[in-house]
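What follows is calculated from the coordinates using simple rules that are stated; it is not laboratory data. Keep in mind the model is a prediction, meaning the values are calculated, not measured. Positions of Cβ are backbone-derived with ideal geometry, glycine not excepted, and every protein chain shown enters the neighbour counts.
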Amino acid sequence: MRIRDARASDASALARIYGHHVREGLGTFEETPPDAGEMAARLAAVQDKGFVWLAAEDEGAGGADAIAGYAYAAPFRTRAAYRFVVEDSVYVAPGRMGQGVGSALLRELIARCEAAGMRQMIAIIGDSGNHGSIRLHASLGFARIGVAPALGWKHGRWVDLVWMQRALGSGAETSPEEG
């Protein structure tokens with residue numbers, strides 16, 4: 001498996017992976033899976049702003065099945081004061097969860113965001129029972145900073161949001177202008 005920048009040609013695979021999580025899971029509060037065209041637009045919007053979108057590709061595999069997962073970092077909020085903070089998203093293909101795909105993606109995403117001068121990464125995880133995502137983030141240095149109970153209604157039940165945060169680089173110890 002190799003981690004690389006996602007490409008527009010990955011849009012079908014991205015839509016397939018994300019669609020599974022939209023339909024079956026609680027990690028996202030979206031209820032209608034976006035199609036490949038919409039995923040391509042989302043990918044372009046993230047990359048056009050200079051942020052990172054990664055794909056985990058199984059070397060030797062072909063087509064949409066070659067993409068085992070993806071991760072991206074996008075602006076946490078649009079106000080200028082948040083310009084050094086990103087929010088991560090990580091999605092792994094069904095059948096590939098628990099095999100290190102998410103960890104490899106998130107590790108590389110963290111490194112890329114640190115290299116770009118970002119100082120904090122936020123994970124907003126759907127479902128306080130989403131132990132896989134919570135463990136993944138904790139294993140890479142994220143601390144749980146809060147739970148917002150019952151913010152979403154999906155699959156016939158109320159769903160919490162779990163907030164986790166990780167410092168990037170020197171975090172809040174120095175001014176971002178100091179590097």
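Compute a Gaussian network model of the chain, connecting alpha carbons closer than 10 Å, and tell me which residue from ALA116, ALA71, ALA55 fluctuates the most.
ALA116
Just to check I understand the Karplus step: with θ = phi - 60° and J = 6.51 cos²θ - 1.76 cosθ + 1.60, what whole-Hz values come out for segment 73-81, glycine and proline as x?
Values, residue by residue: 10, 10, x, 5, 8, 8, 5, 4, 4 Hz.
For the pair SER128 and GLU24, what calculated FRET efficiency results from E = 1/(1 + (r/R0)^6), where r is the Cβ-Cβ distance and R0 = 25 Å, to the nearest 0.05? Let's see the in-between values first.
Values: r = 18 Å, r/R0 = 0.70.
That pair, GLU24 with SER128, gives E of 0.90.
Evaluate the relative contact order of segment 2-178 (contact order divided by residue number), counting alpha-carbon pairs under 8 angstrom at least 6 apart; express in whole percent. Let's see the in-between values first.
Values: 326 pairs, mean separation 34.1, N = 177.
The normalised contact order for segment 2-178 reaches 19 percent.
Quote to one decimal, in nm, the extra length available between ARG144 and ARG4 on full extension: 0.36 nm per residue of separation minus the C-alpha distance between them. If you can, show how the numbers build up before the last one.
Details: separation 140, 0.36 × 140 = 50.40 nm, distance 2.84 nm.
Length gained, ARG144 through ARG4: 47.6 nm.
Per DSSP H run of n ≥ 4, the term is -39500 (n - 2.57); total these for the chain, divide by its residue number, and report the mean residue ellipticity at 222 nm rounded to 500 deg cm²/dmol.
Numbers: 4 runs with 51 residues, N = 179.
Estimated from H runs of four or more residues: -9000 deg cm²/dmol.
Based on Cα coordinates alone, diagonalise the gyration tensor for the chain, multiply each eigenvalue by 5, take square roots, and list the semi-axes in whole Å, largest first.
Working: eigenvalues 117, 87, 48 Å².
One finds semi-axes of 24, 21, 16 Å for the chain.
Tell me, LEU26, LEU14 in order of fewest to most beta-carbon neighbours within 10 Å? Mind showing how you got there, number by number?
Details: LEU26 18, LEU14 27.
Lowest count first: LEU26, LEU14.
Step through the residues of segment 88-101 one at a time and calculate ³J(HN,Hα) from phi using the Karplus curve (6.51 cos²θ - 1.76 cosθ + 1.60, θ = phi - 60°), rounding each to whole Hz and writing x for Gly and Pro.
Residue by residue, segment 88-101 yields 9, 9, 9, 9, 10, 4, x, x, 10, 5, x, 10, x, 5 Hz.
Using alpha-carbon pairs under 8 Å, 6+ residues apart, how would you state the relative contact order of segment 1-86 in percent? Show your work: numbers first, answer last.
On the way: 119 pairs, mean separation 26.7, N = 86.
Once normalised by length, the contact order is 31 percent.
Test of understanding: in a Gaussian network model of the chain with alpha carbons linked when under 10 Å, which of ALA81, ALA111, ALA11 would top the mean-square fluctuation ranking?
ALA81
Could you please rank HIS131, HIS137, placing first whichever residue has the fewest other Cβ atoms within 10 Å of its Cβ? Display every interim value, and only then the final one.
Working: HIS131 10, HIS137 23.
Result, fewest neighbours first: HIS131, HIS137.
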